[in-house]
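First the structure, in the form of structure tokens, and then the observations on it.
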Amino acid sequence: MILITGATGNVGRIVVERLAAEGREVRALSRRPEQVQWPFGTRAVAGDLVDAASLGPALDGVESVFLFAAPGLGADFVGAAQAAGVRRVVLLSSGAVDDEAQVQDGPIAARHHEIEQLLRASGMRWTFLRPDTFATNLLPWSYQTKNGDEIHGAYAKAAAPVIHEADIADAAVAALTGEGHDAKAYRLTGPELLTHADQARILGEVLGRPIRYVEIPAEQARAQMSGHVPAPILDDILKLWEQSLERPHPVSADVEAVTGHKARDFRSWAREHAEVF
Ligand SMILES: NC(=O)c1ccc[n+]([C@@H]2O[C@H](COP(=O)([O-])OP(=O)(O)OC[C@H]3O[C@@H](n4cnc5c(N)ncnc54)[C@H](OP(=O)(O)O)[C@@H]3O)[C@@H](O)[C@H]2O)c1
């Protein structure tokens, strides 16, 4: 039995679909499973990752877990998984984690690094998926594209190898169902480095109208984004964007190494999500 946590999220949702389609025994965790339409064959279960006492029915009989690093996730979860006999954990971590750093730079890296360390010490088999910037982060741009042809945001030249959520899900499925992924940390990226300005241009080409990224001061962008991103994470994101002007994260070949197919490009992602914009 494979337990998928974060099963209603951008990545977990696709992992559930893929595993259910393969006919695997899948259990999907949500804090509100009754409100969700699950793929055929999926058993949904209620539970909160940061309330270990709520996870008994979710973990019962489970061999492998796809783990979403919910804020507050920690030793209680790892203890509950060990006690339930879980043998393998595939963690949705973050490309912000730096193995060389003495101290992780910012709360996003620190939170994911902490759960990684707990899993390394747990005796369970582990694989860490460390994706770079999700293309889904652009979905809030739709509020602007629906009202015009300009995206107002910080750092037009901030660059990232943005990744399609389906590639992260494919890597998760490979690590959950295949061999050779134990004690590996995969840096998952899209196939090319794109600035915010590039992303807006490509989105416009897909939508059939020119979309332009208009740079605004970081402080103004902070106010604009504060409605949908918590303050400490927002500071971290703005800092990562600023750092990327000098030192953008490089493209990695890990998606292809793990999944056997090339990473999907941003244009494909934009086509698949065009109706949102
Ligand atoms: N966005 C990026 O650029 C980026 C880059 C690298 C890494 N990451 C990491 O990837 C993860 C985000 O993945 P995603 O986009 O697939 O997620 P998402 O769409 O934000 O959804 C997360 C899901 O996790 C579940 N969840 C949240 N807290 C929970 C809790 N306490 N107990 C049980 N379930 C809980 C929620 O399910 P219910 O509401 O149904 O309970 C939610 O649907 C984060 O850890 C993030 O740091 C993101």
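Name the one entry in Ala159, Ala169, Ala121 that is modelled with pLDDT of 95 or more, closer than 27 Å to Ala274 by Cβ, open to solvent by 10 Å² or more (accessible area, probe 1.4 Å) and aliphatic (A, V, I, L, M).
Ala159
Just to be sure before I move on: is Asp98 without any contact (Cβ under 8 Å) to a residue 24 or more places away in the chain and either open to solvent by less than 30 Å² (accessible area, probe 1.4 Å) or among the acidic types (Asp, Glu) (or both) in the structure I sent?
Against the criterion (without any contact (Cβ under 8 Å) to a residue 24 or more places away in the chain and either open to solvent by less than 30 Å² (accessible area, probe 1.4 Å) or among the acidic types (Asp, Glu) (or both)), Asp98 qualifies.
Out of curiosity, is Ser30 surrounded by fewer than 21 Cβ atoms within 10 Å (Cβ to Cβ) and within 14 Å of the ligand (Cβ to nearest atom)?
no
Which condition number in (1) among the acidic types (Asp, Glu); (2) within 25 Å of His164 (Cβ to Cβ); (3) within 11 Å of the ligand (Cβ to nearest atom) is the one that Asp48 fails?
(2)
Does any residue in segment 6-23 that is within 7 Å of the ligand (Cβ to nearest atom) and open to solvent by 20 Å² or more (accessible area, probe 1.4 Å) come within less than 8 Å, Cβ to Cβ, of a residue that is modelled with pLDDT of 95 or more and hydroxyl-bearing (Ser, Thr, Tyr) six or more places away or on a different chain, and which pairs are these?
That search, which allows pairs on different chains as well, returns Thr8/Ser30; Asn10/Thr136.
Looking at (1) over 13 Å from Ile163 (Cβ atoms); (2) assigned to a helix (DSSP H, G or I), find the lone condition where Pro248 falls short.
Evaluating Pro248 over (1) over 13 Å from Ile163 (Cβ atoms); (2) assigned to a helix (DSSP H, G or I) leaves (2) as the failure.
Within segment 186-218, count every residue that is within 18 Å of Pro140 (Cα to Cα) and in a helix (DSSP H, G or I).
Residues meeting the conditions: 12.
Yes or no: Arg222 open to solvent by 10 Å² or more (accessible area, probe 1.4 Å) and within 16 Å of the chain's Cα centre (by Cα)?
no
Testing Ala110 on (1) more than 14 Å from the ligand (Cβ to nearest atom); (2) free of Cβ contacts under 8 Å to residues at least 40 places away in the same chain, one condition comes back false. Which one is that?
(1)
Consider only pairs whose beta carbons are under 6 Å apart and that are at least six residues apart or on different chains; among these, list those whose first residue lies in segment 132-151 and is within 16 Å of Ile163 (Cα to Cα) and whose second residue is open to solvent by 40 Å² or more (accessible area, probe 1.4 Å) and within 10 Å of the ligand (Cβ to nearest atom).
Thr136/Asn10
Run down Gly41, Gly23, Gly6, Gly61 and say which single residue is closer than 26 Å to Pro161 by Cβ and part of a loop (DSSP other than H, G, I, E, B).
Just a single option satisfies the conditions, and that option is Gly6.
Please find, among Leu67, Leu59, Leu73, the residue that is touching a residue at least 40 places away in the same chain (Cβ under 8 Å) and within 9 Å of the ligand (Cβ to nearest atom).
Leu73
Mind listing whichever residues of segment 124-156 are acidic (Asp, Glu) and open to solvent by 20 Å² or more (accessible area, probe 1.4 Å)?
In the first step, residues of segment 124-156 are kept if they are acidic (Asp, Glu); the result is 132, 149-150.
Listed by number, the residues that qualify are Asp149, Glu150.
The values are calculated or read from the model by the stated rules, or taken from the named source; none is laboratory data. These figures come from a predicted structure and were not determined experimentally. We place every Cβ from the backbone using ideal geometry, glycine too, and count neighbours over all the protein chains shown. Each accessible area value is taken on the protein alone, full model and side chains, heavy atoms only, with ligands, DNA and RNA left out. Shrake-Rupley method; radii C 1.70, N 1.55, O 1.52, S 1.80 Å.
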